[in-house]
Amino acid sequence: MAITFLGQISEKLQAFSVSKNYLKGKDEPAISKMVFQHLKDHGLKVTNEKQIGFLKFYIDIDYNDGSAGVEVKLADKLIKDTGEIQRLLGQTYYYTNHYKDVVNVVMILVIGEKNLELDPKIKEIKKHIENIGATFLYFPTKD
């Protein structure tokens, strides 16, 4: 069941695109809303900024009322700010443990320029995200 939810989200994201120029100057909430709207427009039952648990963490996109969660991050912000990396790892741990009770699906969607996918920090983040038990998806911008 978990693969189905993740597959549906991944499939719908194949048609999503954001240009390198558009990404400049945008913050994480703005891009997250774009991803949310794209998934919604493509027929997925999604909720934006859903509270998870009693600690009042908010996952960027909740799919099918708790079946899966998507957290959106910007690659350049992660590379520049160690605090953002620590925050992401904490969020991933918390969300993965929350969704584990449901179907164990959390996707971390990192959006950035194609060359940043090879950055050593992004590679290390991917390794830790996957070790926590979440799915890491890097989504390169279009030129």
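For the reader, a short list of remarks on this structure follows.
- The range 49-83, subset of a type outside the set (Lys, Arg) and under 16 Å from Lys123 (Cβ atoms), residue surrounded by the fewest Cβ atoms within 10 Å (Cβ to Cβ): Thr82
- Scoring Lys100 on the criteria (1) modelled with pLDDT under 90; (2) surrounded by 19 or more Cβ atoms within 10 Å (Cβ to Cβ); (3) of a type outside the set (Phe, Trp, Tyr); (4) out of contact with any helix residue (DSSP H, G or I) (no Cβ under 9 Å at 6 or more places or on another chain) leaves a single failure, condition (2).
- Residue list for the range 1-17, restricted to those being at pLDDT 80 or above and of a type in the set (S, T, N, Q): Gln8, Ser10, Gln14, Ser17
- Qualifying residue in the range 130-143 (condition: touching a Ser or Thr at 6+ places or on another chain (Cβ under 9 Å), over 21 Å from Phe36 (Cα atoms) and not β-branched (Val, Ile, Thr)): yes
- Restricting Lys77, Lys114, Lys50 to those that are without any contact (Cβ under 8 Å) to a residue 40 or more places away in the chain, of a type in the set (D, E, K, R) and within 24 Å of Tyr22 (Cβ to Cβ) reduces the list to Lys114.
The values are calculated or read from the model by the stated rules, or taken from the named source; none is laboratory data. This one's a predicted model, so the numbers in the text were calculated from it and none came from an experiment. Cβ: placed from backbone, ideal geometry, glycine included. Neighbour counts: every protein chain shown.
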